[in-house]
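Some notes on the structure that comes next.
The values are calculated or read from the model by the stated rules, or taken from the named source; none is laboratory data. Since the model is a prediction, treat every value here as computed from it, not as a measurement. FYI the Cβ positions are ideal-geometry reconstructions off the backbone, even for glycines, and counts take in every protein chain you see. Keep in mind that these areas ignore ligands, DNA and RNA; they rest on the heavy atoms of the full protein, side chains included. Shrake-Rupley method; radii C 1.70, N 1.55, O 1.52, S 1.80 Å.
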Amino acid sequence: MTENEISYKIRGAIFKVYKELGPGLLESIYEAALCYQLTKDGLSVWKQIPVKVVYDGVILPVDYRLDLLVEDKVIVELKSVEALMNVHHKQLLTYLKITGKKLGILVNFNSDDIGSSIYRKVNGL
């Protein structure tokens, strides 16, 4: 599947989770539910993937973690906050750059309108 095909399925799963659970829960609950739904929909999903950070040619002794990685191609960054900030968008772009992945999805489940709370971020796609 292409990144675009995967993102279409991710978006559908996000809508299913939101319809069932609604807004206002902890990010970890949405992560578990979305992981379950994506797997149910036939996608391979890994959660809380540690990623090494290289600085000046040296691997730093710390990791950061991707919320979800779908089909080893698309990063999903989950939030459950009152409002997304610019730094949340930049964070996902940084994750794409560091990992070399081409597509990321940023979603804020703490929203009255989930459709307007899903953002695609690209890195050379």
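Among ILE98, GLN48, LEU25, flag the residue with its Cα farthest along the positive direction of the charge dipole of the chain, charges on Cβ as +1 for Lys/Arg and -1 for Asp/Glu.
So the residue furthest toward the plus end is ILE98.
Contour minus end-to-end for ASN86 and SER28, with contour as 0.36 nm per residue of separation and end-to-end as the Cα-Cα distance?
Details: separation 58, 0.36 × 58 = 20.88 nm, distance 2.17 nm.
Answer, rounded to one decimal: 18.7 nm.
Dividing the Cα radius of gyration by the Kirkwood radius, what Rg/Rh value follows for the stretch 69-120? Mind dumping the intermediate values first?
On the way: Rg = 11.0 Å, Rh = 11.3 Å.
Rg/Rh for the stretch 69-120 comes to 0.98.
Tabulate in residue order the Karplus-calculated ³J(HN,Hα) for the stretch 47-52, using 6.51 cos²θ - 1.76 cosθ + 1.60 with θ = phi - 60°, rounded to whole Hz; enter x for Gly and Pro.
Karplus-based 3J(HN,Hα) across the stretch 47-52 equals 10, 6, 6, x, 10, 6 Hz.
Out of the DSSP beta bridges found with both residues in the stretch 6-125, what percent are antiparallel (nearest 5)?
Here the share of antiparallel DSSP bridges comes out near 75 percent.
Taking the solvent-accessible surface of protein heavy atoms with a 1.4 Å probe, what is the per residue accessible area of the chain in Å²?
Numbers: 7170 Å² over 125 residues.
Accessible area per residue, the chain: 57 Å².
Roughly how many nanometres apart are two label points built 7 Å out from the Cα toward the Cβ at GLN48 and THR94?
2.1
With Kirkwood's inverse mean 1/r over C-alpha pairs for Rh, give me the Rg to Rh ratio of the stretch 39-88, two decimals please.
1.07
Return the long-range amide H neighbours of LEU66 (sequence gap of 5 or more, or a different chain), with a cut-off of under 5 Å between placed amide H atoms.
Close amide H contacts, sequence-distant or interchain: ILE49, VAL51.
If you compute Cα Rg over 2.2 N^0.38 Å for the structure shown, which of (i) 1.03; (ii) 1.35; (iii) 1.75 do you land on?
Correct label is (i).
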